[in-house]
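Engineer: The structure's right below; bear with me while I get my questions together.
Coordinate-derived values only; no laboratory data. Since this is a predicted model, take the numbers as computed values, not measurements. Because the Cβ atoms are built from the backbone with ideal geometry, glycine has one as well, and the counts that use them run over all protein chains shown.
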Amino acid sequence: MQLYYHPYACSLAPAIVAAEAGIALDLVHVDILGAPHRLGDGTDYRDVNARNYVPLLVRDDGSEVSEAGIILKVLADLNPTSGLAPAVGSPERLLLEQWLTFLGTELHKSYSPWLFHPEVGATAQAYARDLVARRYAIVEAQLDGRTWLLGETFSVADAYLFVMVNWAAAAGTPLDAFPLIRAWFERMKARPKVREAIRNHSASPAAKAA
Ligand SMILES: N[C@@H](CCC(=O)N[C@@H](CS)C(=O)NCC(=O)O)C(=O)O
């Protein structure tokens, strides 16, 4: 399977889940900073993916899966014994679905694109930062008494949340008011598979070769 990715982008979440689940992925670098977005061989990314954003998962049968939250579940369900997603139909699965939607719509999309595009203006960025802080307050409350977002079991929701918390310093969304998120972030960074995924995902092919 191939994962189209950009360093430090939300494609890091599926990279973490694949590492945790023991699933091998071929990482295909997409330069999403340039216009048009291009692959390493110069291919216009829109010719591969009309949505023109990462992540994109291409399965071995050639079928494509888009949208981070869905890709995470597809990967987790490939290896149910990994315990990265509760069983379909269980109450715990419903909880996971709620958190993935929250992370995708309330947190991810409050950061991206607003906090990575200064051209949107100071007012829009200040609004986005305030929104992120209010969303982090919800995450902080959820982490009270829990090791991971859903409880004592690490899940794909943790992998998704990691992407945004990892953006916090660069995006100017301080975590000072959120000690439980900061402690959770340290636990995440201590996981060997998270470290492995970050290593594999965090550089362009040129930088890796250098
Ligand atoms: N709805 C998509 C959003 C993905 C997304 O925002 N990807 C960003 C990187 S984190 C991207 O590729 N941006 C480039 C662009 O939109 O031009 C998802 O959930 O996967």
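Engineer: Determine the gain in length on full extension of the stretch residue 78-residue 60; use 0.36 nm per residue of separation and subtract their C-alpha separation, reporting nm with one decimal.
Structural biologist: On the way: separation 18, 0.36 × 18 = 6.48 nm, distance 1.25 nm.
So the chain would gain 5.2 nm between residue 78 and residue 60.
Engineer: Positive end of the dipole of the chain, charges at C-beta (+1 Lys, Arg; -1 Asp, Glu), about the Cα centre: which of 94, 159, 66 has its Cα farthest in that direction?
Structural biologist: Ranked along the dipole, the leading option is 159.
Engineer: Under a cut-off of 12 Å between alpha-carbon atoms, report the aspartates and glutamates in cross-link reach of residue 73, not counting same-chain residues fewer than 8 places apart.
Structural biologist: Reachable aspartates and glutamates: 97.
Engineer: Same structure, new question: Given a cut-off of under 8 Å on Cα pairs at least six residues apart, what relative contact order in percent is computed for the chain?
Structural biologist: Relative contact order, the chain: 26 percent.
Engineer: Oh, and also: Given the Cα-Cα distance of residue 177 and residue 87 and 0.36 nm per residue of separation, how much length would full extension add, in nm?
Structural biologist: Details: separation 90, 0.36 × 90 = 32.40 nm, distance 3.42 nm.
Contour length minus Cα-Cα distance gives 29.0 nm.
Engineer: Right, here's the next one. Treating cross-link reach as a plain straight distance, find the aspartates and glutamates whose alpha-carbon is under 15 Å from the alpha-carbon of residue 109, omitting any fewer than eight places away in the same chain.
Structural biologist: Cross-link targets: 67, 130.
Engineer: Under a crude label model (7 Å from the Cα following the beta-carbon direction), how far is residue 26 from residue 116 in nanometres?
Structural biologist: About 2.4 nm separates the two model spin labels.
Engineer: At a 10 angstrom cut-off on C-beta neighbours, averaged per residue, how do the peptides 39-51, 146-158 rank from highest to lowest?
Structural biologist: Packing order, densest peptide first, comes out as 146-158, 39-51.
Engineer: Still on this model: Relative contact order for segment 91-191 using alpha-carbon pairs under 8 Å, separation at least 6, rounded to a whole percent?
Structural biologist: After rounding, I find 28 percent.
Engineer: Run the simple label-point estimate for residue 144 and residue 95 please: 7 Å along Cα→C-beta, distance reported in nm.
Structural biologist: Distance between label points: 1.6 nm.
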